[in-house]
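*Asks:* The structure that follows is given in the form of structure tokens.
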Amino acid sequence: MDEATVKDFISYLSLQKRASKHTVESYQNDLLEFFGFINSEISNIPITEINHQHARSFMAHLIDEKKSPRTVNRKLSTLKSFFKFLVRNQIITINPMQKVIGPKTAKKLPVFIDEGQTEQLFLNYEFNNDYNGVRDKLIIDILYQTGLRRAELISIKESDIDFYNSQLKVLGKRNKERIIPFGIDLKRNLEAYLRVKKENELLNSVLLVTNKNIPLTPQQVTLIVKKILSVVTTNSKKSPHVLRHTFATHLLNNGADINAVKELLGHASLSATQVYTHNTIEKLKKSYNQAHPHSGN
């Protein structure tokens, strides 16, 4: 593996493409895995001699290891970006990934919680009255009422909250900033949380912290959300992203403009948002089949 070239590519992702830390780590791990495979098959092959057959062999290796089509395609996407970078910088002349086609993936609808279950969550779930309980309630509230990604949630600073205009400043993927409005309920929960946070002398400028004044990790947020969602849903997925899916689906089900939802979610293209309309369509089909006398059901 040409470590200097890989390092240059990683720097390009971080500094020019402004990719998130998580994305950079994923790309780096994918490249390490690829070159580890290549070196195990063909020792010390120059990077300029890697061709589409090597990439196809790597894909076959991943499939043999029972990696899902989605995982395989993600790793191939990393390689496509990497070799495109090499062509652009005249290290190679032909991108070997041009002849590589990944496995087909089945389209999966986003998992979300229906409106009845979310109502049950906010009305009936008993959060503890201590600091952790107030914080955990706020986490669920923010995720459901704003549709934030987990990484965006844990990076919020107290200074990002504009109580006067009831809006939140968020730094999304590729350091793209967006403003998200919030309602009176979330405003009250934010104010209540900040009071408790101050009472406990937790002075970190980051909004969400442990009771030791340390910013929450992604893993801690996931565990909190999973524990709470387990009370109201039997879905196998109970991650923070499920609440993001729920936010988008509920907005569209209740007539929100899809372009507005796109901006709220921070999607780069409308196609990423349109996946949520499938949930709406499936709900309409179900209602039709259940209610119409000539539906055949």
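The values are calculated or read from the model by the stated rules, or taken from the named source; none is laboratory data. Just so it is clear, the model here is predicted, and its values are computed rather than measured. Cβ atoms come from the backbone with ideal geometry, glycine included; neighbour counts cover every protein chain shown.
*Asks:* Among Glu49, Glu33, which is over 30 Å from Ser236 (Cβ atoms) and not assigned by TED's automatic domain parsing to the domain that holds Leu229? Give the derivation first.
*Replies:* Details: Glu33 fails: over 30 Å from Ser236 (Cβ atoms).
Residue meeting the stated conditions: Glu49.
*Asks:* May I pose another question? Please work out which residue is surrounded by the fewest Cβ atoms within 10 Å (Cβ to Cβ), limiting yourself to the range 106-143 and to residues that are aliphatic (A, V, I, L, M) and part of a loop (DSSP other than H, G, I, E, B).
*Replies:* Here is the first cut: in the range 106-143, the ones aliphatic (A, V, I, L, M) are 106, 109, 111, 113, 121, 123, 134, 138-140, 142-143.
Still in the list and also part of a loop (DSSP other than H, G, I, E, B): 106, 109, 111, 113.
On the way: Ala106: 7, Leu109: 13, Val111: 17, Ile113: 21.
Result: Ala106.
*Asks:* Can you give me the number of residues within the range 260-278 that are touching a residue at least 12 places away in the same chain (Cβ under 8 Å) and polar (S, T, N, Q)?
*Replies:* Residues that pass the stated criteria total 3.
*Asks:* A further question on this structure: Just to be sure, is Lys75 in a helix (DSSP H, G or I) and out of contact with any strand residue (DSSP E or B) (no Cβ under 7 Å at 6 or more places or on another chain)? Break it down into steps so the answer makes sense when it comes.
*Replies:* Details: in a helix (DSSP H, G or I): yes; out of contact with any strand residue (DSSP E or B) (no Cβ under 7 Å at 6 or more places or on another chain): yes.
Yes: the conditions hold for Lys75.
*Asks:* Right, here's the next one. Give the range 58-74 a look and list any residue that's without any contact (Cβ under 8 Å) to a residue 40 or more places away in the chain and either over 26 Å from Gln90 (Cα atoms) or surrounded by fewer than 15 Cβ atoms within 10 Å (Cβ to Cβ) (or both), or say none. Steps first, answer last, please.
*Replies:* Taking the range 58-74 and keeping what is without any contact (Cβ under 8 Å) to a residue 40 or more places away in the chain, we get 58, 60-62, 64-73.
Once the filter is applied, which keeps residues that are without any contact (Cβ under 8 Å) to a residue 40 or more places away in the chain and either over 26 Å from Gln90 (Cα atoms) or surrounded by fewer than 15 Cβ atoms within 10 Å (Cβ to Cβ) (or both), the range 58-74 yields Ala60, His61, Leu62, Asp64, Glu65, Lys66, Lys67, Ser68, Pro69, Arg70, Thr71, Val72.
*Asks:* Restricting the range 92-105 to residues that are among the β-branched types (Val, Ile, Thr) and exposed (fewer than 15 other Cβ atoms within 10 Å of the Cβ), which is farthest from Ala272 (Cα to Cα)?
*Replies:* Of the range 92-105, the ones among the β-branched types (Val, Ile, Thr) are 92-94, 100-101, 105.
Within this subset, residues satisfying the condition of being exposed (fewer than 15 other Cβ atoms within 10 Å of the Cβ) are 93-94, 101, 105.
Details: Thr93: 32, Ile94: 30, Ile101: 21, Thr105: 16 Å.
Here the residue is Thr93.
*Asks:* Cβ-Cβ distance below 6 Å, separation of 6 or more or different chains: which pairs start in the range 124-151 with a residue that is within 16 Å of Phe112 (Cβ to Cβ) and end on one that is among the small types (Gly, Ala, Ser) and crowded, with 21+ Cβ neighbours inside 10 Å?
*Replies:* Gly147/Ala248
Yes or no, residue by residue, for (1) farther than 20 Å from Ile214 by Cβ; (2) of a type in the set (D, E, K, R); (3) touching a Cys at 6+ places or on another chain (Cβ under 8 Å):
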position: Glu126; (1), (2), (3): yes, yes, no
position: Asn132; (1), (2), (3): no, no, no
position: Asp141; (1), (2), (3): yes, yes, no
position: Ser155; (1), (2), (3): no, no, no
position: Ser159; (1), (2), (3): no, no, no
position: Phe163; (1), (2), (3): yes, no, no
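*Asks:* Now a separate question. Restricting attention to the range 258-279, and to residues there that are exposed (fewer than 15 other Cβ atoms within 10 Å of the Cβ) and under 18 Å from the mean Cα position of the chain (by Cα), which single residue is modelled with the highest pLDDT?
*Replies:* Glu263
*Asks:* Related question: Go through (1) in contact (Cβ under 8 Å) with a residue 24 or more places away in the chain; (2) part of a helix (DSSP H, G or I) and name the single condition Pro103 misses.
*Replies:* (2)
*Asks:* Just give me the residues in the range 1-28 being in a loop (DSSP other than H, G, I, E, B) and either outside the structural domain of Thr48 (by TED's automatic domain parsing) or of a type outside the set (Ser, Thr, Tyr) (or both), in sequence order. Talk me through it step by step, then tell me what you get.
*Replies:* Step one: list which residues in the range 1-28 are in a loop (DSSP other than H, G, I, E, B), which gives 1-2, 17-20.
Within the range 1-28, Met1, Asp2, Lys17, Arg18, Ala19 qualify.
*Asks:* Just wondering, is there one or more residues in the range 48-67 that are of a type in the set (A, V, I, L, M) and either in a loop (DSSP other than H, G, I, E, B) or modelled with pLDDT under 90 (or both)? Talk me through it step by step, then tell me what you get.
*Replies:* In the first step, residues of the range 48-67 are kept if they are of a type in the set (A, V, I, L, M); the result is 50, 55, 59-60, 62-63.
Now drop any that are not either in a loop (DSSP other than H, G, I, E, B) or modelled with pLDDT under 90 (or both), which leaves 50.
Checking the range 48-67: at least one residue is of a type in the set (A, V, I, L, M) and either in a loop (DSSP other than H, G, I, E, B) or modelled with pLDDT under 90 (or both).
*Asks:* Further, regarding this structure: So, in the range 144-175, of the ones that are among the acidic types (Asp, Glu) and either under 23 Å from Ser20 (Cα atoms) or assigned to a helix (DSSP H, G or I) (or both), which residue ends up nearest to the chain's Cα centre (by Cα)?
*Replies:* At the first step, the residues of the range 144-175 found to be among the acidic types (Asp, Glu) are 152, 158, 160, 162.
The next check asks that each one be either under 23 Å from Ser20 (Cα atoms) or assigned to a helix (DSSP H, G or I) (or both); those that pass are 152, 158, 160.
Numbers: Glu152: 9, Glu158: 22, Asp160: 20 Å.
Result: Glu152.
*Asks:* Say we look at the range 35-47 and pick out the residues that are on the phi < 0 side of the Ramachandran plot and not in a helix (DSSP H, G or I); which of these is modelled with the lowest pLDDT? Working first, answer last.
*Replies:* Taking the range 35-47 and keeping what is on the phi < 0 side of the Ramachandran plot, we get 35-43, 45-47.
From the residues that got through so far, the ones that are not in a helix (DSSP H, G or I) too are 42-43, 45-46.
On the way: Ile42: 79, Ser43: 74, Ile45: 86, Pro46: 88.
Restricting to residues being on the phi < 0 side of the Ramachandran plot and not in a helix (DSSP H, G or I), the top hit is Ser43.
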